[in-house]
Each structure stands twice: as C-alpha cells, then as structure tokens.
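To start, the structure under review is shown below, and the notes come after it.
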Amino acid sequence: MRLSLLLLLLLLPGPPTAPCMEDAAFPHLGESSQPPPRACPPRCSCPRADTVDCDGLDLRVFPDNITRAAQHLSLQNNQLQELPYNELSRLSGLRTLNLHNNLISSEGLPDEAFESLTQLQHIYVAHNKLSVAPQFLPRSLRVVDLAANQMTEIFPLTFGEKPALRSVYLHNNQLSNAGLPPDAFHGSEAVTTLSLSNNQLSYLPPSLPPSLERLHLQNNLISKVPRGALSRQTHLRELYLQHNQLTDSGLDATTFSKLHRLEYLDLSHNHLAAVPAGLPHTLAVLHLGRNRIRQVEAARLHGARGLRYLLLQHNQLGAAGLPTGALRPLRGLHTLHIYGNGLERVPLALPRRLRSLVLPHNRVAMLGARDLTSTPGLAELNLAHNRLVLDLSHNELSFVPPDLPETLEELRLQSNRISHVGPEAFLSTPNLRALFLRCPEGGWMGLGGKGGLWWAAGDPSKPSGLRVVVAPSPCLCPHAHLLVQGQQASHDQHCTRGLLGPPTPACGGHNRKPRAGPGPAATHSSTSASGLGSLSLRDLEE
C-alpha cells in the first residue's frame, strides 16, 4: 500500500514554476542574450541613446524613425529643403539641432516648427537659403547661428525674450538697419557675443544688449556711430569696425569713452583723418591701419595710457605727421607698426618700453646713432624698403646675412668675423652698388679664388654695376678698407703677399690703429638699443 502511494506521488506532475523564480540570465528558446537593437534612421549613426548623427548623407528628406529620446540631432551637409513640423514636434527633448549647410528656405521653415522644442539650447542653421529669420525661437536658447544666409529681416521674438541667450551669429547676410527692430534683444540681457559682420548696415545699431563683450561689425557700410549707441555696453572688450566708411564726423569724444573694459579696437580700412578722441585707458590694441590719418596728436592718446599695440600702417603721416614725443603718453607701448607712411626718419622720443618697431616702405634715409636711445629694450627693428644704408659693421657675423632687401644699394660689413663671401651671398640684392668689407684686428678675408668672392664674366649672380678688382694673390690686411662702388675700387693698402702669409709692412701690420674721423671707416659709439642682440647696429651714422 505504501509502495503504491509512493509510486503514485512520483508520477504526479509538480506545481507550476512561478515566473519570479526563473533565471533571467538564462537564454530561453527563441530568445537572444543581446539587448534589442536601438532604433536609428537608415545610414545614420547613433553612438549614444540620445544622439543621432546624419551628417553628409545627401539627404533630401527629413529622416524618420528618430528616437523620441534624442537630445542631439545633426543633419548638416545634406540637401534638405524643409523641416516637416510633424517630425520635429515629436522631438520635444532636443537640446542641439544642427542644420548647417543645407538648402532650407524660409518657406521650408514654418513659424511653428520650433514651438514644441522647449528645451532646445543650440541651433545651427548657417549656410542655408533663409531670406528672413524665424519669427519665434525657443526661450531656452543659448546659441543661435544663422550666418551665411540671405536674410534681410529679423523679428522681435527671434532673439528677444531669451534670458539664457549667450551667442548670436548673423554675419554674411543682407541685413540693413531697417531689418533690425529696435527691440531685437529686449529681454535677452545675457548676450556676450554678437556677430553682424558682412551685412549692409549704415550705422551702428542702437539698443544692443548691455551684456556684450564681443561685437563684430566689420565689412558693413557704417559711416556713423550715433551718440550714445555704445553708452550701455560697459562690459565690451572687443569691438571690430574695420572695413567700413567711418569718418571723423561719424565719431565723437563720447563714442568710446564709456567702454571701461575695452581692450581691442579695430578701426582699420576706414576714412579717418585723425586718431579718435576719448579712447579708454583699458585699451591694449588699437588698429588704425589703412585710413587717411595725417597727424598723430599726443592729446588724443592721453586716455589710452595702457595701449600696448598701435598699428598705423598705410596712412598719410608724411614727414611731420608723427612729431617728436607724440607717442610719449603710451608708456607701456610694446609694438608700433607705421610702415607705408612716407616717413623720412625714425620717430624720435619713442616710449621707453617699446620692443618692436616696424617701419618698412617709408622714405627713411638716415638712422643716427642716437635715434633709438629712448628705446633700450628694442628687440625688433624692421626698416626694409627704405632709403638707408644697411650698416651691420662691428658685430659678430660669420657670414653675409641671407635674404637682404632687394632694394639695398650700400652694405657695410666691416669688423665682423666673416671668413669668406660666396657668390650666392648677393643674389637677393641686384641693386647693390657699394660693399664695405674690412676685417677685424688679426683677421683675414679672401676675395677671389675658390670659396672667395668671385664673379666670372657675365655671371648673373653678380649685382649689376658692382665691380670687384682683385690683384694677383690678393689679401686684405686686418685694418684694410675695401670700397667697391660702381666702376671703381679703392684699397687702403696694396698687398701682394699670399692669402695665408703674415701681413707685410706695406699692409700696416697688426699694430696699426683704426682710422678715426669722418667717413665710412669711422667708428661711432654704440646706440643704446642694446636689445637688438647680435645685430646691435653699431656705427649707424654715415
């Protein structure tokens, strides 16, 4: 009886297994151990659950099957012409929408397209076909890029009432002042960067955000900054107004005076005849190149005492436009660019801390030994394309410097450590007429022979008009002075001994003292511009 009962219990089916008792890690029949694939539009990539990347696929239709969880959607570099409202309305969680470089027109971007994107922070629609800006953009925006379109108009709520907005890019459009409403940034008091360059503005727009730090207005038609237009921009650090039509009458003494944090001001490529008045003391860089400035007045620079870089190239200063001491108020000036101004001499009484002086393409014909005494820290001096004699004598040069100015007519290299001068040394100076090569005491220089200075008949490397007369077995004595000029050559002493032989009495011997007095061979005291390093420019006067 007991045995029969036991057999009956063994044959009966057991209780059903509860679902919670199953091993979730165990793969069941017909199931995979891998998670289900993430939904992603065809040909696009979805590296994260919140990111959809459809860049550069030549898409002509807005992709479907975009996950509702998407926060970052990139559709740049495609052929899209419109954004369907029903597709965008699904993506209420979007934070970044990149539509850069498509074919989207204003008709293809309906006003209600963004009304459901209440969390959108960054939108990029640059390089499209918009003729007007979207009328309504989300309040949550921080960065808006609508550059490189064909826009002629923006609206009050395009950028207005956006408390989180920081950067707006509108450059390379067709905006005129009529296309900018006076309340364009009302309620958007946090904008720090605004780019309106390459448009058709005729005057500086009023009612700009007071929070601005960088304002780009270059390449417009601006001829005037209305009085008070910048009075509220006390945080402005960079102001770009180059390539406009500004004249002196378009600015006044208050235009820049209230910009107490301004550091960079670019007014180049305008029609200014004078340095603007009222420059703030915080200004570090002032670019006034390519204007019509005829004179720099010290009074105009008193306020800009913190200026470090002053760029005045290609103006009309002439011989008297930069009088002695005009730049004296700029005690901290580091760099001065005044090339292309018709200057006839290096400006005197320059600021003591000047480190770089750039003066090419002027008419400077003389650089006196005391012309740079006020700038003992000068480290860079550029006098190319002037009318100077280049004097590099009394230095430590061991070879002729390469890339000499093409216009050079006279070169002084005496009293250096140059042991030979190759025929390629003067390939860049076809106008060279006078060459001074005097050896330092105890030194020798060979002219002619292998490794020396020698031009064969008709050699194109020989400067036109420069003639070298070399006696048999030539030598130059330690204090001999060779002048080769035009069709003449003079030598202090005639030496006929071998190049490596000792100097003969005819050469004056090693004990001969250098000739003093006026003339090219005279030795002058060194200028105090000691910061010029190995090119200390000693013996500067003629």
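The values are calculated or read from the model by the stated rules, or taken from the named source; none is laboratory data. Predicted model, so just to flag it, every value in this text is computed and none were measured. When we count neighbours, we look across all protein chains shown, and the Cβ atoms used for this are built from the backbone with ideal geometry, even at glycine. Each accessible area value is taken on the protein alone, full model and side chains, heavy atoms only, with ligands, DNA and RNA left out. Shrake-Rupley method; radii C 1.70, N 1.55, O 1.52, S 1.80 Å.
FRET efficiency for Thr407 and Ala253, Cβ-Cβ distance as r, R0 = 41 Å, nearest 0.05? Display every interim value, and only then the final one.
Values: r = 42 Å, r/R0 = 1.03.
That pair, Thr407 with Ala253, gives E of 0.45.
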What is the dipole size for the range 268-353, taken about its Cα centre, with +1 at each Lys and Arg Cβ and -1 at each Asp and Glu Cβ, in debye to the nearest 20?
-> 220 debye
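Once Rh is set to the Kirkwood radius over Cα pairs, what Stokes-Einstein translational diffusion coefficient, in µm²/s, holds for the range 61-206 at a temperature of 10 °C and a viscosity of 1.306 mPa s? It would help to have the intermediate numbers written out before the result.
Values: Rh = 15.3 Å.
In µm²/s, the coefficient is 104.
At a 1.4 Å probe, what is the % contribution of carbon and sulfur to the accessible area of the range 261-420?
Roughly 46 percent of what the probe reaches on the range 261-420 is carbon or sulfur.
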Spin-label pair Gln245/His361, simplified geometry with 7 Å Cα→Cβ offset, distance in nm = 2.5 nm
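Going from the alpha-carbon gyration tensor of the range 151-275, what semi-axes, largest first and in whole Å, does one get by taking the root of 5 times each eigenvalue? Spell out each step's value before the answer.
On the way: eigenvalues 99, 57, 29 Å².
For the range 151-275, the ellipsoid semi-axes come out as 22, 17, 12 Å.
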Quick one: length gained pulling Ala349 to Arg417 fully straight, 0.36 nm per residue minus the C-alpha distance?
-> 21.1 nm
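Taking all pairs of distinct Cα atoms, average 1/r, flip it, and tell me the Kirkwood hydrodynamic radius of the range 301-345 in Å to one decimal place.
Hydrodynamic radius (Kirkwood, Cα pairs) of the range 301-345 is 11.1 Å.
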Karplus-derived 3J(HN,Hα), 6.51/-1.76/1.60, for each residue of the range 262-267, Hz, glycine and proline x = 5, 10, 10, 9, 10, 10
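Taking all protein chains in place and a 1.4 Å probe, what share, in percent, of the accessible surface of the range 83-175 do carbon and sulfur account for? Working shown, then result.
Values: 1640 of 3550 Å².
C and S fraction of accessible area: 46 percent.
Viscosity 0.692 mPa s, temperature 37 °C: give me the Stokes-Einstein translational D for the range 310-388 in µm²/s, with Rh taken as the Kirkwood radius over C-alpha pairs. Walk me through the numbers on the way to the answer.
Working: Rh = 12.3 Å.
Roughly 267 µm²/s, to the nearest whole number.
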Set the Förster radius R0 to 25 Å, insert the Cβ-Cβ distance between Ala39 and Arg142 as r into 1/(1 + (r/R0)^6), and round the FRET efficiency to 0.05.
-> 0.35
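Keeping all protein chains in place, calculate the accessible area per residue for the range 237-287 (probe 1.4 angstrom), answer in Å². Before the final figure, lay out each step's value.
On the way: 1840 Å² over 51 residues.
That works out to 36 Å² per residue.
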Under 5 Å, built H, 5+ apart or other chain: amide partners of Ala69 | none
What does the charge dipole of the range 234-276 about its Cα centre add up to, to the nearest 20 debye, if the Cβ of each Lys and Arg holds +1 and the Cβ of each Asp and Glu holds -1?
-> 140 debye
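For Ser428 and Asp64, calculate 0.36 nm times their separation in residues minus their Cα-Cα distance, and state this gained length in nm to one decimal.
Working: separation 364, 0.36 × 364 = 131.04 nm, distance 6.55 nm.
Gain on stretching Ser428 to Asp64: 124.5 nm.
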